[in-house]
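Below you'll find the structure, written out as structure tokens, and then a few comments.
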């Protein structure tokens with residue numbers, strides 16, 4: 001008998017922590033290969049099937065910066081503002097990129113606390129501040 005159960009519905013998946021458990025199970029593989037994993041929703045075919053999209057990316061700071069510089073002016077940001085910080089919901093993020101194909105949430109920010117990358121509205125980065133090491137220089 002399994003120690004956990006899951007109902008394949010949006011609420012059931014969220015309540016059970018199923019996605020978090022899948023991501024945690026994949027983390028040792030990600031660590032071994034130096035990649036990050038993102039679970040991108042899925043399709044629920046109740047009550048017996050759930051198809052999840054799993055997206056792996058390899059961190060490449062140089063490529064991330066190049067992409068930032070390519071798109072920044074389209075979003076009213078200057079190239080030297082890569083890594084500048086902003087606060088959203090009392091949490092501090094670094095501006096690291098853009099998602100031009102996502103008009104509602106086009107800004108990519110990395111949470112300073114744990115490195116998790118999230119998407120934000122343009123207004124989120126209204127008040128950018130230099131990262132601590134740049135401010136001290």
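The values are calculated or read from the model by the stated rules, or taken from the named source; none is laboratory data. Nothing here was measured: the structure is a model prediction, and the numbers come from that model. Cβ placement follows ideal geometry from the backbone for every residue including glycine, while neighbour counts extend to all protein chains displayed.
The table below gives the values:
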| quantity | calculated |
| --- | --- |
| Hits in segment 1-41 - residues which are part of a strand (DSSP E or B) and at pLDDT below 80 | 40, 41 |
| Qualifying residue in segment 101-112 (condition: over 22 Å from residue 63 (Cβ atoms), out of contact with any helix residue (DSSP H, G or I) (no Cβ under 9 Å at 6 or more places or on another chain), modelled with pLDDT of 90 or more and outside any loop (DSSP other than H, G, I, E, B)) | no |
| Leading residue by the ranking (surrounded by the fewest Cβ atoms within 10 Å (Cβ to Cβ)) among those in segment 100-112 that are over 23 Å from residue 130 (Cβ atoms) and in contact with a strand residue (DSSP E or B) (Cβ under 7 Å, 6 or more places away or on another chain) | 102 |
| Test for residue 50: is it over 30 Å from residue 132 (Cα atoms), surrounded by 15 or more Cβ atoms within 10 Å (Cβ to Cβ) and touching a residue at least 12 places away in the same chain (Cβ under 8 Å) | yes |
| Failed condition for residue 20, given (1) in contact with a helix residue (DSSP H, G or I) (Cβ under 9 Å, 6 or more places away or on another chain); (2) surrounded by 11 or more Cβ atoms within 10 Å (Cβ to Cβ); (3) without any contact (Cβ under 8 Å) to a residue 12 or more places away in the chain | (1) |
| Contacts under 8 angstrom Cβ, first residue in segment 108-137 being under 17 Å from residue 64 (Cα atoms) and outside the structural domain of residue 38 (by TED's automatic domain parsing), partner at pLDDT below 90 and assigned to a helix (DSSP H, G or I), 6 or more apart | 109/124; 109/125 |
| Count - residues of segment 84-99 that are crowded, with 18+ Cβ neighbours inside 10 Å and closer than 16 Å to residue 131 by Cβ | 8 |
